[in-house]
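The values are calculated or read from the model by the stated rules, or taken from the named source; none is laboratory data. Just so it is clear, the model here is predicted, and its values are computed rather than measured. Heads up, the Cβs are rebuilt from the backbone with ideal geometry, glycines too, and the neighbour counts pull from every protein chain shown. Remember, those area values only see protein heavy atoms, side chains included, never the ligands or the DNA or RNA. Shrake-Rupley method; radii C 1.70, N 1.55, O 1.52, S 1.80 Å.
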Amino acid sequence: MARRVFRGRRALLSGLLLMTPLLTYAACPPEPATAYERAFCQIRAKGGGAALPTFEDFRRNTPQVQALLLKRPAARWGIALPEPASQPGPASDTGAPSVPSREPAEPAAPEPPQVTEYASGLSACDLEMDTVRCSDGLFRLAVNQPNGALAPGVLDANNRLGLSPFHGDAGDEAAVRAYLSDAYDRYIAKMLEIGLGGATMSFTRFYNSFHRHRAEGVDFAQRMEDTFRYLKQDKRNLAVDARLAEGFPASMENCARSGEAVIVCDNVATNWVYVRD
């Protein structure tokens, strides 16, 4: 999928979603569909769901992120978890990685239109699996970093995501796209800062989340701030694999600039972030 070119960048990607925990939880279904959903409900039944998102938010995550969310509470309650590769994601949120498709999981959000041209500055770039070589430098695939490799204080409470609230007309698509484009660039930069460059959500998820939260009367910037705080807490206490998913982008047509030093790519199932040396 491509991203709508807005001020030289595409506005459509798709992929990974990390959700924030809530103080109240939706009920588990009578028959959870996957082993991770069953483990989630077992943990909830044992009273261990305080650090978990709602069931609906949980099931929208990829199997790799579901495993990450469940790792610590499952170990505490002695619940065995299968390897992520053996767990299919929710049928509404996933597709074969080599066949990009629309995401039907959140139909209420208007979908950004597709374009076929490269984003500005990427037409001459060469994708080489874990690197992207462009005229302005070599970009390397970002992976999740151990805490010892992070700058001092980035996981502290006073390090905030800091998205500005949206005050415009939600019906003005150009204004929404401008706001979300800038907000997404900051989100990617802050995820890299806390060492989670290998666990980012796509622009499509970001875009749809904005519309879904607005429809529910939830402040998007505050919800993302809550998510960022939750991720920092887990990062302080939970080891994260360097990569949560295998594979690489198939083509530069699935990539877009995010600021001057970052390129973001996706194939529906996975988001990849490349950072200039």
Residue under evaluation residue 160, criteria (1) at pLDDT 95 or above; (2) open to solvent by 30 Å² or more (accessible area, probe 1.4 Å); (3) assigned to a helix (DSSP H, G or I), criterion not met: (3)
Residue 54 - would you say it is hydroxyl-bearing (Ser, Thr, Tyr), modelled with pLDDT of 75 or more and farther than 20 Å from residue 237 by Cβ? yes
Only one of 207, 187 is assigned to a helix (DSSP H, G or I), open to solvent by less than 50 Å² (accessible area, probe 1.4 Å) and without any contact (Cβ under 8 Å) to a residue 60 or more places away in the chain, namely 187
Residue 217 - would you say it is out of contact with any Asp or Glu (no Cβ under 9 Å at 6 or more places or on another chain), farther than 25 Å from residue 139 by Cα and surrounded by fewer than 20 Cβ atoms within 10 Å (Cβ to Cβ)? yes
Select, from 199, 256, the only residue that is assigned to a strand (DSSP E or B) and touching a helix residue (DSSP H, G or I) at 6+ places or on another chain (Cβ under 8 Å). 256
Lone qualifier among 243, 229, 212, 223 - being in a loop (DSSP other than H, G, I, E, B), open to solvent by 20 Å² or more (accessible area, probe 1.4 Å) and under 25 Å from residue 52 (Cα atoms): 243
Can you confirm whether residue 171 is in a loop (DSSP other than H, G, I, E, B), without any contact (Cβ under 8 Å) to a residue 24 or more places away in the chain, on the phi > 0 side of the Ramachandran plot and more than 21 Å from the chain's Cα centre (by Cα)? no
Look through the stretch 259-273, keep the residues that are more than 12 Å from the chain's Cα centre (by Cα) and open to solvent by 10 Å² or more (accessible area, probe 1.4 Å), and return whichever of them is farthest from residue 135 (Cα to Cα). 267
